Amino acid sequence: MSPLSTSGMVLNLCSPSVTDKCLIAEAWCPVAKLPELQSALREGGRKSGSGVDSFYNRLPSSTPPPTLFPINSFTAGFQNIVDAYGVASYREVNPAVYTIITFPFLFAVMFGDVGHGLLMTLAALWMVLEEKDPKLKNNSNEIWRMMFGGRYLILLMGLFSVYTGAIYNECFSRGLSPFSSGWHVNPMFKINRWNSSVLEQSQYLAMDPVVPGVFTGPYPFGIDPIWGMANNKLTFLNSYKMKMSVIIGVIHMTFGVCLSFFNYKHFGQMSSVFLVLIPELFFMLCLFGYLVFMVFFKWIAYTPDQSKIAPSILIHFIDMFLFTENSDNPNLYTGQMVVQKILVVLALCSVPVLLATLLHFLTFVLLGHIRRKTDVPSWPTTVPSTLIKEKSREELEFDAADAFMHQGIHTIEYCLGCISNTASYLRLWALSLAHAQLSEVLWVMVMRIALKWQGYVGSAVLFVVFCFFALLTVSILLVMEGLSAFLHALRLHWVEFQNKFYSGAGYKLSPFSFSSLINAPAI
């Protein structure tokens, strides 16, 4: 495309003035770029030798402005994740700011392994250090361009996976022992808790903290590596990771509900803070926030040697909705039944408040109807007044029905969604256990067999098996499991987090550029 044809295309986008002596173009421009725009117009007029100065005027518009977020190579990957769900409306809270931390963390909860996270970190670090290499930057492979564009996202996912892997005490499914274990099995042998028949049936021993002297204190950081050699390892990890998933989920969703405050404040909807935000927080915290409280209270109130007599939180949570008390399940604290009844009543009372918000919307519609009636004289006089009244009545009925339907669906969706969304965070527990078990199977079925060989033959077998083990680790655990954890973290952000405050009903600003027109493919 020649520069002449390009300039002609640009001129065709402009409108002639009333005198046909100049051209007028309407475009969106960020306020911060207005001085730069004026400077460019003056420079263009000077270079063209025009006798008429070019200038701009700020015009009111009924069309919502486009959305523009300044991004760089670091934030581009996170912003693309949010934009794939929907572009933010003008001046709406941008979830990408918080996704920078929450997305890699939720991914790492499902992918926690020091070894796997380190491999991912090294691969992403290489892409970051070589990001200016034209061979990598201009590669036409779509999959590669996607990975290269998200190199900083992958880097953070790898670093967070190293951290969570250290908490899980897993490195290629093997435990690390930087500190001394807090468990001692010798007291169980002294009381003949284990006999020879039990040892013959199982290779591993079960950890029982009820026996005095077995548990001496918590591990300094993460999970005690002794659990890797215990028969009841999965029982312990299931309970630990399931509770952890619920706690993370409730905190994440509550944070999303709180972010809606900034939207209400900016758009002048402060009444929605009292009629929508606070009832939603009451419903969430009185039910699922209380569930998190019970988990922490049980951890603090009951020591490991009291694990046999500790009450079941799940049964307490079910009895809370039934307003009953189970004699076989002791209370966590005095007055628990009274507190639970009050919390359930408060949660149920928040539902009618959310539905009462319909009156609030209807008031706004009525006010809008009054404004339209006062604006009647400014309408064309050729339009009959009866037609104006009919149009106003139709708009009023439509707005009221639309508001009623919208708020009713929102209330039902939020109340039911609090239950389903909380359960959805259990995927953190499921995928974490799945990743750990796949890693364990890969080690037992491949590497441990090679380590049994000895001598020169054993060295050759170990080399071959290690190459096979590395190939399976990269292809299955890093690529397939990593992609699975990525997609689940994406779903948690789009469905469980962003729908609490984010509409995503805007559109991007498409900046004008001569280079894009010149380099555009010919049609």
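Just so you know, all these numbers are worked out from the coordinates, no wet-lab data involved. Treat the numbers as computed from the prediction; the structure is a model and nothing was measured. Note that each Cβ is placed from the backbone with ideal geometry, even for glycine, and that neighbours are counted across all protein chains shown.
This ranking places Asp319, Asp53, Asp113 by how few other beta-carbon atoms lie within 10 Å of each, fewest first, which gives Asp53, Asp319, Asp113. Computing FRET efficiency as 1/(1 + (r/R0)^6) for Leu41 and Leu68, where r is the C-beta to C-beta distance and R0 is 30 Å, gives about 0.90.
Efficiency by 1/(1 + (r/R0)^6): what FRET value for Phe221 and Met146, r their Cβ-Cβ distance, R0 = 51 Å, to the nearest 0.05? It would help to have the intermediate numbers written out before the result.
Numbers: r = 35 Å, r/R0 = 0.69.
Calculated value: 0.90.
Exposure proxy ranking for Val97, Val162, based on other Cβ atoms within 10 angstrom of each Cβ and starting from the fewest, stands as Val97, Val162.
Computed from the Cβ-Cβ distance with R0 of 22 Å, the FRET efficiency linking Asn94 to Ala32 stands at 0.85.
For the pairs Lys241/Lys308; Lys132/Lys508; Lys241/Lys500; Lys308/Lys341; Lys265/Lys500; Lys33/Lys500, flag any whose C-alpha to C-alpha distance is greater than 23 Å. The partial results should precede the final answer.
On the way: Lys241/Lys308 20 Å; Lys132/Lys508 27 Å; Lys241/Lys500 25 Å; Lys308/Lys341 27 Å; Lys265/Lys500 16 Å; Lys33/Lys500 33 Å.
Those over the limit are Lys132/Lys508; Lys241/Lys500; Lys308/Lys341; Lys33/Lys500.
Taking label points 7 Å from Cα along the Cα-to-Cβ direction, Ser17 and Leu355 give a separation of 6.2 nm.
What full-extension length gain, to one decimal in nm, is calculated for Val52 and Trp453 as 0.36 nm per residue of separation minus the Cα-Cα distance? Don't jump to the answer; show the numbers that get you there.
Working: separation 401, 0.36 × 401 = 144.36 nm, distance 8.84 nm.
Computed gain between Val52 and Trp453 is 135.5 nm.
Taking other C-beta atoms within 10 angstrom as a stand-in for reagent exposure, Tyr333, Tyr240 fall in the order Tyr333, Tyr240, fewest first. The length gained by stretching the chain between Phe466 and Lys508 to full extension, at 0.36 nm per residue less their Cα-Cα distance, is 10.2 nm.
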